Amino acid sequence: MRAILIAAALLAVAPASEALATAAQPPVAAATDAFERDRQAILAQAGQYRVHFDMRENVSFRADYDPLEEKLSGGSEIVRVVYDKGDRISLQHILVMEHDGQTMVIKHWRQDWTYQPQTVLTYAGPNRWVLTPVPEAQRQGAWSQTVWQTDDSPRYGGVGRWTYDNGLTAWTSDPTWRPLARRDAVRHPIYDRYLGTNRHILTPAGWVHIQDNMKMAGQPDGAPIAVVQEDVINTYDRNDSYSPKPGDDYWAKTQGFWAAVRDAWDAAIVAGNGVHLQQEAETGAVTGAPLMDLAQSLADGEVAEAEAVARARELIAQATSSQPAAAR
């Protein structure tokens, strides 16, 4: 059952680490009220939540495609600060689930934030991500958000600004390419990627992640074409009715392993100016299940951290060495 739940979590609803979303270091004087206000908005997403996932296709742009019925789900999720280095903040999501009276812990997605980034890791097509320069005018006062899958492999990245208008504390991304989530990939639909705009908005009860996704079909001799528009609304409401201890215990046992995994992904991406990584419909990245299993074995005391890290580095090296990430 754990393997089934892990496969479900590999949808990457689904959140580059430090070396990848390269930040232009703000001067000391840049720790202004605006900069700190942005930081506190990002950090406000950490906490203990009940999460509600609401996904619905709304408008079809093809006569031969009917929008899907809405898909609703939810769960209990804690969000912990991995690091806070001023202009770089990382938040790790961890599901804490109950099944047949037992608690299941699943490392979920991760979101990394970088102030005034010089580059951002973006999705560039099937199985390919590239480090994309951010023009100076676009990065001034802006933050990148890079989202990572459960195994810390890449998912998507975008750039936007925090705003504080009309009573809303909100961050809105530029249009961002991303691969299919598992909920769609398993159906092998006629579309093969999303072009989405993300908004993170603080609420009195927590925060909400709103995605406006245009589902697109790639064309062999031209630009992708729109198939259907989808809204995804993921609502995080603070909730202390469950114990976060199983999730925090898992993180305490495995955070050293996952730090090494992040470093290995960083090294592969920096070396290739991006990365090529095969994706599978059922489980996402080919590294997903093996890396999650290694972390669980470490948490269960079945393998030493040094051995788990060595095997993880080998898995990542093998998975990213088959093809170049981008034309040089």
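Taken together, the values in this text are just the output of simple stated rules run on the coordinates, not laboratory data. Quick caveat: nothing in here was measured; it's all calculated off a predicted structure. No Cβ is skipped: glycine too gets one built from the backbone with ideal geometry, and neighbour counts run over all protein chains shown.
Assorted remarks:
- Count Lys and Arg as plus one, Asp and Glu as minus one, and take only other residues whose Cβ is under 12 Å from that of residue 232; the net charge is then -1.
- Counting every alpha-carbon pair across the range 2-242, the share separated by more than 34 Å comes to 15%.
- Non-local Lys pairs in the chain, i.e. 8 or more apart or on different chains, that have alpha carbons under 19 Å apart: 4
- Each of the peptides 193-202, 86-95 was scored by the mean count of other Cβ atoms within 10 Å over its residues; in descending order, highest first, they stand as 86-95, 193-202.
- When you restrict to C-alpha pairs under 8 Å that are six or more residues apart and normalise by the size of the range 78-199, the relative contact order lands at 17 percent.
- All other residues whose Cβ lies under 12 angstrom from that of residue 307 are scored, Lys and Arg at +1 and Asp and Glu at -1, for a net of -1.
- Here the label points at residue 248 and residue 317, each 7 Å from Cα along the C-beta direction, are separated by 3.8 nm in the simple model.
- Neighbourhood net charge (14 Å Cβ-Cβ; Lys/Arg +1, Asp/Glu -1) for residue 77: +1
- Sorted by Cβ density within 10 Å, fewest first, the residues 178, 39: 39, 178
- Protection proxy ranking of 108-121, 54-67, 239-252, by the mean of other Cβ atoms within 10 Å over each peptide's residues and highest first, is 108-121, 239-252, 54-67.
- Think of it as helices only: each DSSP H run of n ≥ 4 in the chain is worth -39500 (n - 2.57), and spread over all residues that comes to -7500 deg cm²/dmol at 222 nm.
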